[in-house]
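J.: One structure is given below, represented as structure tokens, and several questions about it will come after.
The values are calculated or read from the model by the stated rules, or taken from the named source; none is laboratory data. Given the structure is predicted, the values throughout are model-derived calculations rather than measurements. Positions of Cβ are generated from backbone atoms using ideal geometry, with glycine treated the same way; all protein chains shown enter the neighbour counts.
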Amino acid sequence: MSFTINKIKIESSTHQYQIPAVLTLPQQHDCPVVILCHGTGSDKDEAGNGYVYLANRLAAKGIASLRFDFIGTGESRVDYIEYTFTSAQRDIDDVLAYLDTCPTISKHAIGILGWSQGGTMAMLAAGQNPRFKSIITWAGSCEIQQLYDEADYALAQKQGYAMLELGFRAPLRLSLEWMNDARNCDVLSMFAKSDASVLAIAGTRDDVVDPECASKIAAVSHHELSTSKLISGADHCFNILTGDHSAFNELMTMSVDWFENTLNREARIERYWQQFLADSKRPADSRYLEAFHFDLNQRSADELLELVLMGKKKATSSSYYELADNLPEVGSLSIVTDWLGNPACVIETTRLQTLPFSEIDFALCSLEGEDTCLETWRQNHERYFTADGKRRGYEFSWDMPVIFEEFNVIYAEPLRCPTEFRALRRKAQALSEESCREILSQATTGVLAVLGDEGYPYAVPLNYCLEGNKIYIHCAKTGHKLDAIRQCDKVSFCVIGQDDLKPELFTTFYKSVIVFGRASIIDDETAKRHAISMLCEKYAPDLIAEGQKEIDAFWNGLTMLQIDIEAISGKQTKDLAEE
């Protein structure tokens with residue numbers, strides 16, 4: 001994907017200085033964006049030009065980025081003594097305000113990434129501003145008092161600053177105000193206020209920030225996708241300054257994949273909401289309460305969604321502690337998604353009751369459409385609330401207040417793809433979408449086409465299965481198609497559903513289906529196991545137990561791909577169409 005690199009200067013809201021920045025902008029509309037925050041004494045390009053490489057990789061995936069110089073670094077003309085936690089948050093706010101003026105950048109799919117102290121500032125920003133939907137920290141620091149000692153602090157109390165020696169640049173004047181910020185700010189408590197997902201990455205050989213900080217960062221997040229990753233053998237700069245870029249390339253791949261999955265989810269949800277507003281002729285400034293999926297695993301989440309779409313599930317129950325800061329009201333609108341965040345319908349809350357778990361009877365729980373008796377409802381929901389409580393900090397009990405919410409589905413149109421794919425020329429030979437999906441479900445082999453090496457198309461036959469609006473494919477850990485998908489995720493997929501040789505007519509009678517979509521590697525272990533199990537059920541329905549053993553045996557060498565379908569079309573030969 002083509003993109004532009006733009007050097008800009010953003011006016012500070014104090015009107016006392018300008019913020020030097022670089023905006024890397026893909027040539028597409030409504031693209032997600034990531035703000036890049038650099039570490040102590042570094043600059044907007046970061047160590048070894050790490051942020052330059054990252055910005056280009058993000059742009060190739062259709063994600064914009066803006067990197068900038070904090071006060072006293074890079075091209076900033078302000079003395080570093082003016083740099084504080086407050087000034088850093090103000091700069092981030094000013095950068096975000098600038099992005100709001102960019103017409104091709106999404107106002108809703110916004111992420112932030114920070115390296116070292118930049119990770120600290122990214123966490124603080126996310127804890128204060130709900131607009132940040134996804135966060136990554138590279139060697140992010142939970143506590144940064146290690147930059148100074150008590151002698152430095154005593155000196156700063158006398159003269160207002162102490163000198164900070166970093167070794168890779170001229171010393172910096174570290175202000176007393178910054179030291180007090182570092183002493184008094186509970187970074188993790190502030191970050192815990194964020195509802196965004198976070199990926200915290202550290203190197204196992206980091207001797208500047210304790211690698212254990214990564215797991216602490218992920219642990220305080222309430223989002224089910226939040227996680228931490230360690231890169232073996234990587235130092236604080238992920239070895240980018242050593243000449244061996246393998247660890248840094250691994251870091252970039254993790255980060256780009258993360259933002260692509262999480263921010264594109266936010267973009268899809270916002271597009272779906274705008275589509276709903278347009279179709280229902282509601283005011284453009286209408287907002288939804290939340291976008292959510294049911295339960296804590298993919299199989300259950302997607303099965304419960306199907307019950308909603310079938311009209312069998314008309315209610316849901318939540319712990320009061322889960323919704324305390326975002327309580328629904330009668331008339332509230334919410335978007336229900338599948339496990340992977342694909343929006344499927346809009347629901348309207350019609351009735352609310354708050355009552356102890358023990359007082360929910362079968363007349364109520366039967367409205368949830370998922371259990372045949374009160375006992376199984378209680379067992380399933382005790383399991384859910386126990387697991388959810390561990391994430392959110394409450395304990396399940398039979399006296400626990402539960403919000404029982406009844407709802408109606410008021411909109412269930414599929415998300416329409418903004419891309420205008422070519423229409424089939426010979427409309428008389430077109431197959432209905434239902435027929436296309438039937439062929440996709442029944443065929444055993446399809447051909448995946450990607451943009452391969454040196455721009456040559458690469459098409460490979462393989463096994464697959466269809467589930468809803470997703471196609472699952474299994475493959476090895478490395479190979480041509482994986483390399484191609486990492487560079488460009490846009491793919492096509494073709495199957496032949498019927499192919500009858502007609503020698504007397506010098507032709508064949510056939511039906512075919514072509515899918516266009518975006519391919520991604522499934523990183524979540526639960527989602528990955530669900531996808532390979534679906535393949536097993538398709539190809540060996542009578543050997544499920546044996547199939548699971550085979551899956552376990554080859555698990556570590558297995559990669560699962562997912563194609564999110566954006567367009568689907570099918571046709572049959574003229575002779576079949578005329579039959």
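J.: Got at least one residue in the range 420-429 being among the aromatic types (Phe, Trp, Tyr) and without any contact (Cβ under 8 Å) to a residue 40 or more places away in the chain? Break it down into steps so the answer makes sense when it comes.
T.: Kept after step one, since they are among the aromatic types (Phe, Trp, Tyr), are these residues of the range 420-429: 421.
Of the ones still in play, those that are also without any contact (Cβ under 8 Å) to a residue 40 or more places away in the chain are none.
Checked against the condition, which is being among the aromatic types (Phe, Trp, Tyr) and without any contact (Cβ under 8 Å) to a residue 40 or more places away in the chain, the range 420-429 yields no hits at all.
J.: For the range 223-240, which positions are of a type in the set (A, V, I, L, M, F, W, C) and either touching a Phe, Trp or Tyr at 6+ places or on another chain (Cβ under 7 Å) or at pLDDT below 95 (or both)?
T.: As a first pass, look at the range 223-240 and keep what is of a type in the set (A, V, I, L, M, F, W, C): 225, 230-231, 234, 237-238, 240.
Hits for the range 223-240 are Leu225, Ile231, Phe238, Ile240.
J.: Note down all Cβ pairs under 7 Å where the first residue falls in the range 476-499 and is without any contact (Cβ under 8 Å) to a residue 24 or more places away in the chain, the second is of a type outside the set (Asp, Glu), and they're at least six residues apart or on different chains.
T.: Going by the 7 Å Cβ cut-off, the qualifying pairs are Asp499/Thr508; Asp499/Tyr510.
J.: Can you say whether Leu327 is farther than 24 Å from Ala531 by Cβ and not charged (D, E, K, R), as far as the supplied structure shows? Can you show your working first?
T.: Numbers: farther than 24 Å from Ala531 by Cβ: yes; not charged (D, E, K, R): yes.
Against the criterion (farther than 24 Å from Ala531 by Cβ and not charged (D, E, K, R)), Leu327 qualifies.
J.: While we're looking at this one, here's another question. Does any residue in the range 538-564 that is without any contact (Cβ under 8 Å) to a residue 40 or more places away in the chain come within less than 6 Å, Cβ to Cβ, of a residue that is part of a helix (DSSP H, G or I) and surrounded by 12 or more Cβ atoms within 10 Å (Cβ to Cβ) six or more places away or on a different chain, and which pairs are these?
T.: Once the first residue is without any contact (Cβ under 8 Å) to a residue 40 or more places away in the chain and sits in the range 538-564, its partners that are part of a helix (DSSP H, G or I) and surrounded by 12 or more Cβ atoms within 10 Å (Cβ to Cβ) give Ala540/Gly547; Gly547/Cys536; Ile551/Ile532.
J.: Would you mind telling me which numbered condition in (1) surrounded by 13 or more Cβ atoms within 10 Å (Cβ to Cβ); (2) more than 14 Å from Ile410 (Cα to Cα) Tyr288 fails?
T.: Exception for Tyr288: condition (2).
J.: Please go through the range 442-485 and give me each residue that is part of a helix (DSSP H, G or I) and surrounded by 19 or more Cβ atoms within 10 Å (Cβ to Cβ), ordered by number. Spell out the reasoning first.
T.: Pass one, the range 442-485, residues part of a helix (DSSP H, G or I): 442, 453-455, 480-485.
If the condition is that a residue be part of a helix (DSSP H, G or I) and surrounded by 19 or more Cβ atoms within 10 Å (Cβ to Cβ), then Lys481, Ala484, Ile485 are the ones that fit.
J.: Which one of Asp79, Asp30, Asp45, Asp93 is at pLDDT 95 or above and more than 20 Å from Ser255 (Cβ to Cβ)?
T.: Numbers: Asp79 fails: at pLDDT 95 or above; Asp30 fails: at pLDDT 95 or above; Asp45 fails: more than 20 Å from Ser255 (Cβ to Cβ).
On inspection, the qualifying residue turns out to be Asp93.
J.: On the given criteria, is Ala182 closer than 16 Å to Ser116 by Cβ, part of a helix (DSSP H, G or I), at pLDDT below 90 and not polar (S, T, N, Q)? Working first, answer last.
T.: Details: closer than 16 Å to Ser116 by Cβ: yes; part of a helix (DSSP H, G or I): yes; at pLDDT below 90: yes; not polar (S, T, N, Q): yes.
Answer is yes for this residue.
J.: Go through the residues of the range 541-562 one by one and say whether even a single one is part of a strand (DSSP E or B) and more than 19 Å from Asn342 (Cβ to Cβ).
T.: Here is the first cut: in the range 541-562, the residues part of a strand (DSSP E or B) are 559-562.
Next, only the ones that are more than 19 Å from Asn342 (Cβ to Cβ) stay: 559.
Scanning the range 541-562 turns up at least one residue that is part of a strand (DSSP E or B) and more than 19 Å from Asn342 (Cβ to Cβ).
J.: When you look at Phe248, is it in contact with a Cys (Cβ under 9 Å, 6 or more places away or on another chain) and farther than 30 Å from Ile347 by Cα, yes or no?
T.: Numbers: in contact with a Cys (Cβ under 9 Å, 6 or more places away or on another chain): yes; farther than 30 Å from Ile347 by Cα: yes.
Yes.
J.: Please specify each residue of the range 241-300 satisfying the condition of being more than 21 Å from the chain's Cα centre (by Cα) and within 24 Å of Leu482 (Cα to Cα).
T.: Passing the criteria: Asp244, His245, Ser246, Ala247.
J.: Under 7 Å between Cβ atoms, at least 6 apart or on separate chains: pull out the pairs that start in the range 378-394 with a residue that is more than 16 Å from Ser358 (Cβ to Cβ) and end on any residue that is part of a helix (DSSP H, G or I).
T.: Pairs that qualify, where the first residue is more than 16 Å from Ser358 (Cβ to Cβ) and the partner is part of a helix (DSSP H, G or I), are Asp388/Glu322; Arg392/Tyr321; Arg392/Glu322; Tyr394/Tyr321.
J.: Failed condition for Ser300, given (1) without any contact (Cβ under 8 Å) to a residue 24 or more places away in the chain; (2) within 24 Å of Lys107 (Cα to Cα); (3) surrounded by 13 or more Cβ atoms within 10 Å (Cβ to Cβ), with all others met?
T.: With (1) without any contact (Cβ under 8 Å) to a residue 24 or more places away in the chain; (2) within 24 Å of Lys107 (Cα to Cα); (3) surrounded by 13 or more Cβ atoms within 10 Å (Cβ to Cβ) applied to Ser300, the lone miss is (2).
J.: Being touching a Lys or Arg at 6+ places or on another chain (Cβ under 6 Å) and of a type outside the set (Phe, Trp, Tyr) is the requirement here; does Cys142 meet it?
T.: Values: touching a Lys or Arg at 6+ places or on another chain (Cβ under 6 Å): yes; of a type outside the set (Phe, Trp, Tyr): yes.
Considered against the rule, which asks whether it is touching a Lys or Arg at 6+ places or on another chain (Cβ under 6 Å) and of a type outside the set (Phe, Trp, Tyr), Cys142 comes out as yes.
J.: In the range 209-256, which residues are β-branched (Val, Ile, Thr), in a helix (DSSP H, G or I) and under 25 Å from Ser520 (Cα atoms)? Walk me through it before giving the result.
T.: Restricting attention to the range 209-256, the residues satisfying the condition of being β-branched (Val, Ile, Thr) are 209, 217, 220, 227, 231, 240, 242, 253, 256.
Cutting the leftovers down to in a helix (DSSP H, G or I) gives us 217, 220, 253, 256.
Those that are β-branched (Val, Ile, Thr), in a helix (DSSP H, G or I) and under 25 Å from Ser520 (Cα atoms): Thr253, Val256.
J.: Within the range 290-321, work out how many residues are in contact with an Asp or Glu (Cβ under 7 Å, 6 or more places away or on another chain) and among the β-branched types (Val, Ile, Thr).
T.: The total comes to 1.
J.: Let me ask something else about it. Only one of Ile231, Ile201, Ile269, Ile217 is more than 27 Å from Pro130 (Cβ to Cβ) and touching a residue at least 12 places away in the same chain (Cβ under 8 Å); which?
T.: Working: Ile201 fails: more than 27 Å from Pro130 (Cβ to Cβ); Ile269 fails: more than 27 Å from Pro130 (Cβ to Cβ); Ile217 fails: more than 27 Å from Pro130 (Cβ to Cβ).
Within the list Ile231, Ile201, Ile269, Ile217, the selection yields Ile231.
J.: Continuing with the same structure: How do the helices (runs of 4 or more DSSP H) wholly within the range 15-134 filter down when requiring 3 or more residues that are within 30 Å of Asp285 (Cβ to Cβ): which remain? Working first, answer last.
T.: Numbers: elements: 50-60, 85-99, 117-128.
Once the helices (runs of 4 or more DSSP H) in the range 15-134 are filtered for at least 3 residues that are within 30 Å of Asp285 (Cβ to Cβ), what remains is 85-99, 117-128.
J.: Exactly one condition in (1) in contact (Cβ under 8 Å) with a residue 40 or more places away in the chain; (2) under 21 Å from Lys312 (Cβ atoms); (3) loosely packed, with under 14 Cβ neighbours inside 10 Å is false for Ala363; which is it?
T.: It fails just one condition, (1).
J.: For Arg90, are the conditions met, namely being closer than 19 Å to Gln18 by Cα, surrounded by fewer than 21 Cβ atoms within 10 Å (Cβ to Cβ) and basic (Lys, Arg)? Please lay out each step first, then the result.
T.: On the way: closer than 19 Å to Gln18 by Cα: yes; surrounded by fewer than 21 Cβ atoms within 10 Å (Cβ to Cβ): yes; basic (Lys, Arg): yes.
Judged against the criteria, Arg90 is a match.
J.: Return yes when Leu466 is outside the structural domain of Arg57 (by TED's automatic domain parsing), under 27 Å from Pro541 (Cβ atoms), at pLDDT 90 or above and aliphatic (A, V, I, L, M) and no when it is not.
T.: Details: outside the structural domain of Arg57 (by TED's automatic domain parsing): yes; under 27 Å from Pro541 (Cβ atoms): yes; at pLDDT 90 or above: yes; aliphatic (A, V, I, L, M): yes.
Criteria met by Leu466.
J.: Is there a residue being closer than 19 Å to Ala476 by Cβ, surrounded by 12 or more Cβ atoms within 10 Å (Cβ to Cβ) and charged (D, E, K, R) anywhere in the range 501-511?
T.: Here is the first cut: in the range 501-511, the residues closer than 19 Å to Ala476 by Cβ are none.
Scanning the range 501-511 turns up no residue that is closer than 19 Å to Ala476 by Cβ, surrounded by 12 or more Cβ atoms within 10 Å (Cβ to Cβ) and charged (D, E, K, R).
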